[in-house]
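After the structure tokens below, expect a handful of questions from me.
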Amino acid sequence: MKRQRGPPGRETTAAESTERRIWYGYGTLGRAEKDPLGMFLQDVIRIYGEVTVISLPILLLVHILPAGVWYDATGAALVAWILMTLVGTLIRGGWVQPLATDTPGWVTLSPWLLVLRVLYFNVTFVVAAFGGVFLGAALGWTPVSVLWAGAVAILSMLFFPRTGEETASRFGRYY
């Protein structure tokens with residue numbers, strides 16, 4: 001029986017099912033039913049790894065900046081990192097519906113969508129971390145940088161599945 005995969009570029013199975021893939025060891029994969037906590041934990045690991053590995057250039061740049069107060073670029077990037085992981089997890093598990101699309105679930109790991117992730121996630125971190133610092137300096141109230149980073153992170157992850165759909169439809173023959 002062929003499994004329904006959803007529209008191009010979208011991973012709908014995880015959002016519509018309580019099953020998750022399990023790796024039992026060398027060459028052995030399976031599927032198992034998970035309770036909501038197990039689904040959340042497995043999804044948070046997947047999205048955390050995705051966001052972290054793909055965003056390493058910007059995360060390392062923010063890490064080497066001189067330490068400041070909690071609402072500097074490092075603090076803003078940390079807030080963005082946590083919220084990007086949380087919102088991506090909630091979308092992947094089907095608990096939150098992404099914006100501008102009727103399809104639930106996260107974005108597949110196809111080659112063009114990996115390229116999209118590199119650009120999208122790194123630009124999101126730059127806008128969240130450094131945009132917040134500049135906004136805080138311009139307004140004269142620097143803690144606004146953390147609020148800015150949170151808003152940018154949440155909105156970017158809510159719109160990412162739609163962006164993935166558009167990319168998949170544009171480069172569909174390469175999937």
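Would it be correct to say that T89 is at pLDDT 95 or above, under 26 Å from R20 (Cβ atoms) and among the hydroxyl-bearing types (S, T, Y)?
yes
Also, I was wondering about something else. In the set S169, S145, which member is farther than 17 Å from G49 by Cα, in a helix (DSSP H, G or I), open to solvent by less than 20 Å² (accessible area, probe 1.4 Å) and modelled with pLDDT under 95?
S145
Given S17, S110, S55, which one is hydroxyl-bearing (S, T, Y), under 21 Å from F171 (Cα atoms) and out of contact with any Gly (no Cβ under 6 Å at 6 or more places or on another chain)?
S110
Is region 92-103 home to any residue that is in a helix (DSSP H, G or I) and on the phi < 0 side of the Ramachandran plot?
Yes, region 92-103 contains at least one residue that is in a helix (DSSP H, G or I) and on the phi < 0 side of the Ramachandran plot.
A follow-up question, please. Check off (1) surrounded by 14 or more Cβ atoms within 10 Å (Cβ to Cβ); (2) within 16 Å of the chain's Cα centre (by Cα); (3) touching a residue at least 12 places away in the same chain (Cβ under 8 Å) for L114 and give me the number that stays unchecked.
Result: L114 fails condition (1) only.
Which ones in region 20-52 are over 15 Å from M84 (Cα atoms), at pLDDT 90 or above and touching a Gly at 6+ places or on another chain (Cβ under 7 Å)?
The answer is M39, and nothing else.
Whether any residue in region 156-173 is in contact with a Gly (Cβ under 9 Å, 6 or more places away or on another chain) and of a type in the set (D, E) is what I want to check.
Within region 156-173 (the criterion being in contact with a Gly (Cβ under 9 Å, 6 or more places away or on another chain) and of a type in the set (D, E)), the answer is yes, since at least one residue qualifies.
The values are calculated or read from the model by the stated rules, or taken from the named source; none is laboratory data. Remember, predicted model here, so these are calculated numbers, not experimental data. Cβ: placed from backbone, ideal geometry, glycine included. Neighbour counts: every protein chain shown. We work out accessible area using only protein heavy atoms, side chains counted, and drop any ligands, DNA or RNA first. Shrake-Rupley method; radii C 1.70, N 1.55, O 1.52, S 1.80 Å.
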